[in-house]
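Presented below is the structure to which this report refers.
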Amino acid sequence: MAIKIALPKGRLLEETAGLLQRAGWGLSGYHKNTRLYRLGSNRFPDLSAKVFHEKDVPIQVAIGNYDLGICGLDWIEELLVKYPSSALVKVKDLGYGGGVLYLVGSISGGESFLDEIGVRASTVRIASEYPNLAESLALNLRFKRFCIFPLWGGAEVYPPESADLALITGRVGESHFDYGLLPLIETLRYSAFLIANKDSWETKDMGEVLASLEDNLALASGKKGSSPVPENRTPAVVAQNSSGAAACDTVRLALPDGHQQQPTLELLVKAGIQIDDYPSLTGNRRPVIGLDGVMAKLIRPQDMPLQVANGNFDLAITGRDWVREHLYQFPSSPIKELLDLKFGWVSIVAVVVKDLPVSDIDGLRQLGIERSVSFRVASEYVNIADKYARDNHLGSYRIVPTWGATEAFLPEDADLLIENTQTGQTLAKNNLKIIDTLFQSTACLISHPGGVLSAAKRKRMYSIIESLRAALGGV
Amino acid sequence: MRVQRCKGSRDLTPDQMLRFRFVEKAFRRCCLKWGYEEVKTPVLEYLNLFTSTGTLTPGMLSKVYSFLDWDGWSGQRLVLRPDGTIPLARLYIDNIADNKKLARLFYTSNIFRFEETGQETRERWQGGVELIGVSSSLADVELILLALEVLAKMGIKGVELKLSHAGLVRSLLSELGLSDREQTMIFDQILDGDSEAFARIRAERPDLGRAMVSLLDLEGRSPGFLKNLRSLLGRSVPELVPIVDDFISVVELLDAVGCDYQIDITSGKGFEYYTGVIFQLFYDGDKIGGGGRYDALIPLMGGGDIPASGFALYFDCLMNLVEPAVLAGPLEQRILVKVEREAVKKGLDITASLRDAGYIVELWLESQQPSNLRWMLDVRSEVPAFVIHDSLKIKDIELETAGEVLTLLGESNGDKDSPA
């Protein structure tokens with residue numbers, strides 16, 4: 001009887017790999033520099049494993065693509081708080097990879113911040129990678145008005161200017177966070193968990209596999225508490241220019257983290273804009289920019305359109321793919337694209353497995369008429385994928401939201417991908433083919449033109465835009 | 001692929017729709033006769049209407065269908081209304097509060113709540129009544145009597161009325177020396193149906209006075225022991241006296257009109273917004289409706305210091321309880337008309353006249369089997385122009401003019417029995 005297990009990439013990988021090694025699974029290729037997504041076991045011939053972004057693991061197990069999975073309890077609870085009837089069984093605390101979710105606020109707000117904020121009439125803004133847990137918390141705290149900003153990452157840099165509170169991960173007992181944040185409520189203690197699909201748990205005999213884990217857990221629990229450092233924690237960064245909200249004349253500029261940092265830096269240099277500590281070796285998300293009255297923060301490009309639409313940032317450098325993703329969800333969003341920055345070029349494409357006998361989306365649709373189950377469309381771009389499936393009358397389909405490494409989803413866990421690609425090589429290597437190109441994307445500068453700005457601020461923004469435009473002209 | 005109905009949703013077939021309209025009609029008629037005016041609120045509301053303390057409990061809020069609107073980049077969420085009272089309070093504040101204080105309002109609407117298994121319906125129909133602008137025992141009793149009258153009009157007998165008092169429960173919790181937040185939390189647990197919540201408090205607080213314990217066990221059928229309780233508590237917890245008095249005065253009025261009830265202090269499950277008497281209606285163990293006083297809701301929503309109370313009846317339950325005999329009523333006159341191709345004009349003219357005369361007239365469309373109809377009318381191009389088949393008396397009658405047809409049917413109007 002085949003048993004399928006979903007294993008995590010990222011912060012839990014090393015300790016999970018250690019556990020599975022002690023359990024004698026003989027999974028070759030599951031290590032830190034893994035480029036393999038599909039793994040077989042020497043010990044259990046019926047067992048197959050696939051490597052996912054940690055956030056994807058509970059979703060994959062819940063929808064029944066996998067019998068077992070390993071991921072942090074934080075992501076399990078994030079799923080269950082919103083979808084309590086998900087077919088998930090929490091099997092066992094594995095004891096490693098621990099951390100705590102804290103609701104944090106700015107130190108300047110003080111310890112009583114929570115009581116004060118609960119009764120105030122204005123909207124409480126909460127930023128988090130865990131939007132479902134954040135919403136549940138806000139409901140339980142009985143905030144009168146609140147809004148949740150779901151993020152792809154970097155929540156700790158949002159308060160106090162762009163959010164009142166953030167739900168972020170930290171170490172047990174942490175009393176201060178970077179950027180002058182204070183933990184207000186310890187929301188959830190978590191560690192790595194073994195989970196199972198409810199159906200599989202009730203019907204499949206997985207005893208041998210489970211026993212092999214159980215027998216080898218002791219070693220791991222001996223290490224408990226020794227490495228509770230979540231992956232995304234930034235090294236200590238002192239609170240700088242974060243005291244209170246930004247002055248109303250200050251231009252708030254969002255710069256991308258991740259691999260768009262280098263080309264962004266080059267563009268800024270060419271535009272004569274000086275910037276320190278970007279990209280930062282210490283993980284600082286508030287680089288100092290050499291322009292008066294301008295404040296820069298590093299956030300995820302995915303999060304920028306929503307943040308600019310909300311007026312939390314005045315200018316942001318993101319990708320047109322994320323702008324479009326945002327506009328498909330919110331067609332009346334006020335954001336505007338000001339400049340094409342001519343770097344970060346990718347194509348957004350529709351992808352299927354190579355041996356599928358279709359060459360375009362019409363062929364795929366035809367195939368859908370003949371089959372009896374829904375298409376599963378996996379994508380990081382949920383709204384782009386949804387619109388694409390809808391516009392092309394794909395019939396009955398489901399969107400599977402993912403957090404990366406989408407190419408690993410085909411063919412077992414999805415039928416169609418909406419994915420970005422530069423050269424198409426990774427796709428080809430994974431035995432996939434492109435059947436449609438949706439659009440081309442490059443980095444762009446966006447803003448919210450509807451805001452009421454002071455003359456000073458307008459002048460500052462104009463000057464930044466013109467410097468960048470001039471720099472681009474010289475390319 | 002088979003077309004699927006959304007999990008947890010339901011269709012109403014013609015038969016169920018008959019039941020639905022019967023229930024709705026009985027409800028609307030009673031409300032109108034007691035001087036209530038009908039309103040409707042939108043299906044979509046902002047989530048924040050329901051989030052603050054004093055509205056819905058977190059347990060209920062975790063079951064609302066909420067989503068971002070098209071302009072939801074602000075983080076503003078919408079919900080499919082999970083409750084009828086709060087939107088109605090908003091309607092009152094928006095549209096009525098300025099003009100007149102007292103308002104008797106009612107609505108029929110669907111509400112939406114997630115139900116995990118998908119076995120039960122997630123879209124529920126209810127009729128709700130709200131009496132806004134007055135805080136008196138008589139107002140509470142008016143609502144109870146109206147609710148019972150609606151059920152009686154539907155022919156539903158053996159309804160049980162259970163009474164509780166939110167004020168008593170709250171005072172009790174505040175006596176325990178808990179913080180506001182803890183009190184709300186436990187109150188929510190009780191309201192969310194955690195029947196163990198009370199027991200846990202008792203276990204944790206052995207120092208609770210005997211009076212408290214008897215309050216928790218409060219069950220009975222007369223104002224007598226409420227009065228005993230008042231004398232017992234009057235000394236140790238004087239704050240409770242006005243609350244018990246309020247309860248007593250409702251109970252005394254119910255006694256005066258001969259209305260049966262049962263007091264069960266832990267029965268007030270469901271809504272955080274209640275402040276006073278809570279009443280629930282049961283039939284054969286199932287809850288079919290309920291309501292209570294919610295004096296703090298409109299102030300909490302910024303609508304000024306306006307008291308209110310109300311109730312809702314669950315149409316989904318009531319539809320199934322209506323007896324077929326009650327439902328049937330007098331048969332409507334139904335006629336099937338068969339028209340020859342050459343006589344279409346004549347045929348359609350007479351169907352129009354028959355409808356004007358109050359009959360239900362169906363055109364024969366080749367496939368239809370004439371069942372459960374008393375009359376069939378053939379319209380021909382040649383003489384005789386009209387042939388009426390009476391399936392009750394099993395005979396055919398030949399007529400020449402439309403007038404003769406109407407006259408004949410009119411004369412037979414007395415015997416409306418079904419042929420079946």
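The values are calculated or read from the model by the stated rules, or taken from the named source; none is laboratory data. Quantities reported herein were computed from a predicted structural model and do not represent experimental measurements. Note: ideal-geometry Cβ built from the backbone for every residue, glycine included; neighbour counts use all protein chains shown. Keep in mind that these areas ignore ligands, DNA and RNA; they rest on the heavy atoms of the full protein, side chains included. Shrake-Rupley method; radii C 1.70, N 1.55, O 1.52, S 1.80 Å.
One table, with the values for the structure above:
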{"item": "Residues listed by number, segment B:334-355, amide nitrogen under 14 Å from B:Met17 label point at 7 Å toward C-beta", "result": "none"}
{"item": "Peptide B:67-73 - average C-beta neighbours from other chains (10 Å radius)", "result": "6"}
{"item": "Candidates B:Ala357, B:Ala152, B:Ala328: whichever shows maximal mean-square fluctuation once chain B is modelled as a Gaussian network with Cα springs under 10 Å", "result": "B:Ala357"}
{"item": "Size-normalised alpha-carbon gyration radius of segment B:292-356, reference 2.2 N^0.38 Å", "result": "2.42"}
{"item": "Protein heavy-atom accessible area occluded, A/B pair - total, 1.4 Å probe, Å²", "result": "2200"}
{"item": "For chain B, the fraction of alpha-carbon pairs in successive 10 Å shells from zero, as %", "result": "4, 18, 23, 20, 13, 10, 7, 3, 1, 0"}
{"item": "Gap separating the Cα centres of segment B:370-400 and segment A:272-332, nearest whole Å", "result": "81"}
{"item": "Stokes-Einstein diffusion coefficient of segment A:67-200, Kirkwood radius over Cα pairs, 37 °C, 0.692 mPa s, in µm²/s", "result": "212"}
{"item": "Structure-based [θ]222 nm, chain B - -39500 (n - 2.57) summed over DSSP H runs of at least 4, per residue, nearest 500", "result": "-11000 deg cm²/dmol"}
{"item": "Average other protein chain Cβ within 10 Å of Cβ, residues A:130-137", "result": "1"}
{"item": "Per residue solvent-accessible surface (Å²) - the protein assembly as shown, probe of 1.4 Å", "result": "45"}
{"item": "Hits among lysines - C-alpha to C-alpha of A:Lys354 under 16 Å, sequence gap 8 or more where chains match", "result": "A:Lys429, A:Lys433"}
{"item": "Chain B: relative contact order in percent, alpha carbon pairs under 8 Å with at least 6 residues between", "result": "16"}
{"item": "Residue-by-residue Karplus 3J(HN,Hα) for segment A:271-281, coefficients 6.51, -1.76, 1.60, Hz, glycine and proline x", "result": "7, x, 9, 7, 9, 9, 6, 9, x, 9, 6"}
{"item": "Loop sites in segment B:73-107: trypsin sites (Lys or Arg not before Pro), DSSP, at most 10 other Cβ within 10 Å", "result": "B:Lys100"}
{"item": "Net charge of neighbours whose Cβ lies under 10 Å from the Cβ of A:Leu217, counting Lys and Arg as +1 and Asp and Glu as -1", "result": "-1"}
{"item": "Peptide ranges A:297-308, A:104-115 listed from the most packed, as the mean C-beta count within 10 angstrom indicates", "result": "A:297-308, A:104-115"}
{"item": "Three semi-axes of the equivalent ellipsoid, the protein assembly as shown, Cα gyration tensor, whole Å, largest first", "result": "57, 41, 30"}
{"item": "Amide hydrogen neighbours beyond the local backbone of B:Leu80, cut-off 5 Å, H modeled", "result": "B:Tyr65"}
{"item": "Cross-link pairs beyond the 26 Å C-alpha cut-off, checked among A:Lys9/A:Lys92; A:Lys144/B:Lys25; B:Lys338/B:Lys395", "result": "A:Lys144/B:Lys25"}
{"item": "Over chain A, relative contact order from alpha-carbon pairs under 8 Å, at least 6 apart, %", "result": "15"}
{"item": "Partner chain coverage, peptide A:146-156 - average Cβ within 10 angstrom", "result": "2"}
{"item": "A:Val323 - accessible surface, heavy atoms, 1.4 Å probe, Å² rounded to 10", "result": "10"}
{"item": "Filtered chymotrypsin sites (Phe, Trp or Tyr not before Pro), segment A:246-334: DSSP coil and at most 16 other beta carbons within 10 Å", "result": "none"}
{"item": "Radius 10 Å from Cβ of A:Ser122, net charge of other residues (Lys, Arg +1; Asp, Glu -1)", "result": "+3"}
{"item": "Spatial separation of Cα centroids for segment A:147-170 and segment B:288-351, in angstrom", "result": "49"}
{"item": "Sequence ranges A:433-442, A:152-161, B:106-115, ranked by mean other-Cβ count within 10 angstrom, highest first", "result": "A:152-161, B:106-115, A:433-442"}
{"item": "9 Å beta-carbon shell around A:Ile63, net charge (K/R +1, D/E -1)", "result": "+1"}
{"item": "Two-decimal ratio, segment A:268-393, of alpha-carbon radius of gyration to 2.2 N^0.38 Å", "result": "1.43"}
{"item": "Rounded percent of accessible protein surface that carbon and sulfur make up, the protein assembly as shown, 1.4 Å probe", "result": "51"}
{"item": "Hz values of 3J(HN,Hα) by residue in segment A:108-117 - Karplus curve (6.51, -1.76, 1.60), Gly and Pro given as x", "result": "4, x, x, 5, 8, 3, 5, 5, 5, 6"}
{"item": "Proportion of all alpha-carbon pairs of chain A beyond 36 Å (%)", "result": "34"}
{"item": "Under the Karplus curve 6.51 cos²θ - 1.76 cosθ + 1.60, θ = phi - 60°, whole-Hz ³J(HN,Hα) for segment B:126-134, x wherever Gly or Pro sits", "result": "8, x, x, 10, 10, 10, 10, x, 9"}
{"item": "Computed Kirkwood radius, in angstrom, where 1/r is averaged over Cα pairs of segment A:336-410", "result": "14.0"}
